[in-house]
Amino acid sequence: LMASVSSYEAVFVAVIAEVVKNYIIYKTAQERLLYAKRNVSIQQRVVKMTKVQFNLGNVSELDMQQAKVQLYSTLSIIPNVKLSRQKSKNAIAVLLGVLPKRIEKILNDEKKDIELSQIVEVIKKLSP
């Protein structure tokens with residue numbers, strides 16, 4: 001009996017650790033996505049300004065192309081960050097035994113971070 005209790009506790013700790021790890025990955029991806037979108041907005045303005053400057057003869061075509069490359073590079077990051085966020089959300093849902101839609105509200109609340117005690121309570125409710 002003691003062995004099964006110890007095994008249960010070990011699995012419980014492992015599940016908590018995985019949920020926390022994936023939560024951190026999710027929140028990190030969420031922040032990266034926010035910054036990438038901000039950077040795209042800024043870089044789009046830079047491309048427009050560089051085009052104007054190029055048309056006026058103040059900068060070279062190389063400057064204009066470099067501004068575009070920087071924009072396209074940032075745009076190319078966004079799908080991978082979204083995928084990372086989705087994977088971690090799905091992993092959390094699987095670990096908690098719920099559908100991803102049920103945890104979206106909690107995960108997307110930027111003003112509220114989940115505390116470890118909340119994760120433990122959810123897992124305890126799901127355990128036999």
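The values are calculated or read from the model by the stated rules, or taken from the named source; none is laboratory data. Predicted, not measured: the structure shown is a model, and the values here were computed from it. Calculation scope for accessible area: heavy atoms of the full protein, side chains included, ligands and nucleic acids excluded. Shrake-Rupley method; radii C 1.70, N 1.55, O 1.52, S 1.80 Å.
Phi angles of segment 16-33 translate, via the Karplus equation with coefficients 6.51, -1.76, 1.60 and θ = phi - 60°, into HN-Hα couplings of 4, 4, 5, 5, 4, 4, 6, 5, 5, 4, 4, 5, 5, 5, 4, 5, 4, 5 Hz per residue; Gly and Pro are given as x.
Please list the non-local residues whose amide H lies under 5 Å from the amide H of residue 59, H modeled 1.01 Å from N, same-chain partners needing a gap of 5 or more. Those lying under 5 Å, H to H, from residue 59 are 54. Whole-Hz Karplus values for segment 62-69 come out as 4, 4, 5, 5, 5, 5, 5, 4 Hz, taken residue by residue from phi with 6.51 cos²θ - 1.76 cosθ + 1.60 and θ = phi - 60°; glycine and proline positions read x. When the solvent-accessible area of segment 25-81 is split by element, carbon and sulfur atoms take up 57 percent of it, the probe being 1.4 Å.
Accessible area per residue for segment 1-75, computed on protein heavy atoms with a 1.4 Å probe, is 69 Å². Residues in segment 36-46 carry Karplus couplings, in order, of 5, 5, 5, 5, 4, 4, 5, 5, 5, 5, 5 Hz; the curve used is 6.51 cos²θ - 1.76 cosθ + 1.60 with θ = phi - 60°, and Gly or Pro positions show x.
Of the whole protein surface, residue 31 contributes about 90 Å² of accessible area at a 1.4 Å probe radius.
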